[in-house]
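Nothing in this text is a laboratory measurement; each read-out follows from the coordinates by a stated rule. What you see is a predicted model; the values in this text were computed from it and never measured. Backbone-built Cβ (ideal geometry, glycine too); neighbour counts: all protein chains shown.
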């Protein structure tokens, strides 16, 4: 009886948006998970953050939900690819962190057109997955035309693994920064940490 009361107090929350920028503007969206069934799933404090700004056109189609166990960005069958798109002079970032403020971000900025896909992400207690999870296939990529800069970075205290090709069994951090002039693409930067 106690657990069912607790579950009722920690109501699930879901939000989704299809937002556009026309002729310049900003989309800024932060979701902070403030409640958790701590004894079973660890502390709350997981955060998903999206920021897109563009001098011409920008687009965000993204969905976030929370419950007593975790925060999830599960986009399959909602927007499978290109959740974040911008052109003109643009700046885009998506960041996901756990209750210890460990996590990952992807950033793309430039002049021309940029697209970021992060179809899945999850964070619970002091663990996170970025570009993977949600019981679905991995889908984390970016592409651009024109000139600009791409960054992806992740950090975790106890364990860090990336589809970029490495495992840090005792935790650590990574950073990849790429300057480009012309066409750019990266196929899979999905990672996870604890």
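Side notes on the structure shown:
- Here is the P(r) of the chain: all C-alpha pair distances, binned every 5 Å from 0, give 1, 9, 17, 19, 19, 16, 10, 5, 3, 1, 0, 0, 0 in whole percents.
- Order of 134, 74 - criterion: other Cβ atoms within 10 Å of each residue's Cβ, fewest first: 134, 74
- Listed by Cβ neighbour count within 10 Å, with the fewest neighbours leading, 130, 150, 59, 13 appear as 13, 59, 150, 130.
- Structure-based [θ]222 nm, the chain - -39500 (n - 2.57) summed over DSSP H runs of at least 4, per residue, nearest 500: -1500 deg cm²/dmol
- Paired Rg and Dmax values of the range 7-107, which use every Cα atom, in angstrom: 15.0, 49
- 109, 66 arranged by Cβ crowding within 10 Å, fewest neighbours leading: 109, 66
- Gain in span if fully extended, residue 164 to residue 76, counting 0.36 nm per residue against the direct Cα distance: 29.5 nm
- The distance separating the Cα centre of the range 90-141 from that of the range 38-69 comes to 9 Å.
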